[in-house]
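So the structure is just underneath, and the comments pick up after that.
The values are calculated or read from the model by the stated rules, or taken from the named source; none is laboratory data. Predicted model only: the values in this text are computed from it and were never measured. Cβ coordinates were reconstructed from backbone atoms using ideal geometry, including for glycine residues, and neighbour counts include every protein chain displayed. The accessibility values were calculated without ligands, DNA or RNA, using every heavy atom of the protein model including side chains. Shrake-Rupley method; radii C 1.70, N 1.55, O 1.52, S 1.80 Å.
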Amino acid sequence: MSDLTKIKPSELPSDKEEIQFEEDSNTFKITISQSAATKNMQHNFAAFEAWSLVVKSAGYARVILAEKEHKYKMDKNEKRHYNRFLYRVLCFNKGFEWFDISAELQDKIKAFEKTELTKELFINAPLSEPKEPDEKSHEAVMEMRLTKDKNNSRLNLMLGTDIGKFYQQLPVGLFEGGVKTDNAIFPSDKAAIDIWGLSGSVFHLIELKVKSNTDLGVLSEVFFYACFINDMLCGRRLETKESAELLRYKKDGEFYRGYTQLTQAKIDSVVAYILTEKKHGKLDDAFAELQNCDIKGIEFAKAIRYPLFEEVNE
């Protein structure tokens with residue numbers, strides 16, 4: 001990477017086994033490994049969206065994503081991560097005209113669309129109310145403090161919104177034929193939107209990071225969540241399916257964590273935010289590029305610093 005002209009190699013992930021970077025004139029190429037494509041998207045070497053936005057903001061005209069040749073057969077969990085990777089690439093390619101994908105990756109995405117996204121799809125809902133988190137888990141504690149804040153004044157003030165109620169940990173699993181572990185298309189055990197709320201027909205989602213996590217993978221996360229909600233809830237309306245799959249999530253006639261309001265809202269657009277205690281030096285420039293996303297129904301509103309954990313009292 002020593003011959004890069006518009007960005008310093010030191011500003012990019014250095015794990016050459018997982019992700020590689022090269023430039024050809026005004027085009028920047030990102031090549032990721034099979035391992036990176038099957039890992040959690042928030043890891044630096046797996047967050048191709050984040051690095052695409054970073055290098056675009058550095059002045060490159062086009063970005064191309066390619067994969068290394070696969071070396072081993074994926075297990076079920078890796079396959080679910082890989083399906084989500086293909087979905088992320090599909091969405092990012094739709095959202096940015098300057099983002100291209102290799103011919104081999106294009107073929108895989110077409111097959112994924114045909115075989116997976118045409119199935120009878122279901123999404124999961126919260127199975128319980130949130131539990132009091134361990135004080136050592138600063139992010140979980142912060143989520144609860146912000147969502148339980150009286151009158152939601154703190155979040156509304158930071159975001160510039162007027163949302164009556166915020167909720168935490170909305171699952172974003174995708175399933176074929178029914179919500180069962182064996183039917184999962186995307187990983188679903190811990191995949192969830194940190195904080196969300198409704199304003200009329202608009203879904204607001206917030207990705208939260210404490211100061212110990214400044215990785216730019218947050219950009220990949222917030223992009224995926226926005227696309228997932230826009231596609232599965234606004235577009236396909238999967239949350240309104242009348243089936244035993246949703247009935248089992250109810251207690252005393254109500255869904256957990258605000259899901260009842262979600263099923264009744266008929267949302268038609270998504271607004272996304274990043275709240276972080278400590279900003280990565282490239283976050284603002286990359287988020288400015290993210291705001292140019294051309295997917296109808298999605299707005300990336302703000303990436304802002306919020307008060308340090310110790311400054312937010314019960």
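Take Leu105 and decide whether it is open to solvent by 70 Å² or more (accessible area, probe 1.4 Å) and of a type in the set (A, V, I, L, M). Spelling it out, it is not the case that Leu105 is open to solvent by 70 Å² or more (accessible area, probe 1.4 Å) and of a type in the set (A, V, I, L, M).
None of Asn40, Asn77 is assigned to a helix (DSSP H, G or I), open to solvent by 10 Å² or more (accessible area, probe 1.4 Å) and touching a residue at least 24 places away in the same chain (Cβ under 8 Å) except Asn77. Within the stretch 43-68, if we keep just the residues that are more than 17 Å from Phe99 (Cβ to Cβ) and in a loop (DSSP other than H, G, I, E, B), the residue that is most open to solvent (accessible area, probe 1.4 Å) turns out to be His43. Restricted to the stretch 169-191, and to residues there that are assigned to a loop (DSSP other than H, G, I, E, B) and over 20 Å from the mean Cα position of the chain (by Cα), the residue that is nearest to Thr115 (Cα to Cα) is Gly177. Selection of first residues in the stretch 221-237 that are over 14 Å from Cys293 (Cα atoms) and in contact (Cβ under 8 Å) with a residue 12 or more places away in the chain and of second residues that are open to solvent by 10 Å² or more (accessible area, probe 1.4 Å) and part of a loop (DSSP other than H, G, I, E, B), restricted to Cβ pairs under 6 Å at least 6 apart or on distinct chains, gives the following pairs, ordered by first then second residue: Glu221/Gln42; Cys234/Asp268; Cys234/Gly297. Open to solvent by less than 40 Å² (accessible area, probe 1.4 Å), assigned to a helix (DSSP H, G or I), at pLDDT 85 or above and closer than 19 Å to Leu127 by Cβ: is that true of Leu233 in this structure? For Leu233, the condition - open to solvent by less than 40 Å² (accessible area, probe 1.4 Å), assigned to a helix (DSSP H, G or I), at pLDDT 85 or above and closer than 19 Å to Leu127 by Cβ - is met. Looking across the stretch 236-245 at every residue that is surrounded by 13 or more Cβ atoms within 10 Å (Cβ to Cβ) and part of a helix (DSSP H, G or I), the one that is modelled with the highest pLDDT is identified as Leu238. Does Glu113 satisfy being under 24 Å from Ala226 (Cβ atoms), in contact (Cβ under 8 Å) with a residue 24 or more places away in the chain and surrounded by fewer than 17 Cβ atoms within 10 Å (Cβ to Cβ)? Taking the combined requirement at face value, the residue does not satisfy it. Here Arg84 does not fit the description of being touching a Phe, Trp or Tyr at 6+ places or on another chain (Cβ under 6 Å) and without any contact (Cβ under 8 Å) to a residue 40 or more places away in the chain. You will find that of Lys16, Lys71, Lys94, the residue that is in a helix (DSSP H, G or I), surrounded by fewer than 16 Cβ atoms within 10 Å (Cβ to Cβ) and basic (Lys, Arg) is Lys94 and no other. Regarding Leu117, is this residue part of a helix (DSSP H, G or I), within 20 Å of the chain's Cα centre (by Cα) and not small (Gly, Ala, Ser)? Taking the combined requirement at face value, the residue does not satisfy it.
Listed here are the residues, each with its yes/no results for (1) part of a loop (DSSP other than H, G, I, E, B); (2) in contact with a strand residue (DSSP E or B) (Cβ under 7 Å, 6 or more places away or on another chain); (3) farther than 28 Å from Lys251 by Cβ.
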position	(1), (2), (3)
Ser128	yes, no, no
Lys131	yes, no, no
Arg145	no, no, no
Arg154	no, no, yes
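Residues that are under 19 Å from Arg305 (Cβ atoms) and either among the polar types (S, T, N, Q) or out of contact with any Leu (no Cβ under 8 Å at 6 or more places or on another chain) (or both) within the stretch 148-158 comprise Ser153, Asn156, Leu157, listed in sequence order. Scoring Gln264 on the criteria (1) outside any loop (DSSP other than H, G, I, E, B); (2) open to solvent by less than 10 Å² (accessible area, probe 1.4 Å) leaves a single failure, condition (2). Listed by first and then second residue, the pairs with beta-carbon distance under 9 Å, at least 6 apart or on different chains, first residue in the stretch 285-301 and of a type in the set (A, V, I, L, M) and in a loop (DSSP other than H, G, I, E, B), second surrounded by fewer than 16 Cβ atoms within 10 Å (Cβ to Cβ) and modelled with pLDDT of 95 or more, are Ile295/Lys94. Here Leu290 does not fit the description of being more than 17 Å from Ser52 (Cβ to Cβ) and surrounded by 15 or more Cβ atoms within 10 Å (Cβ to Cβ). For residues in the stretch 273-284 being more than 17 Å from Ile195 (Cβ to Cβ) and in a loop (DSSP other than H, G, I, E, B), which is most open to solvent (accessible area, probe 1.4 Å)? If we take residues in the stretch 273-284 being more than 17 Å from Ile195 (Cβ to Cβ) and in a loop (DSSP other than H, G, I, E, B), then Lys278 is most open to solvent (accessible area, probe 1.4 Å).
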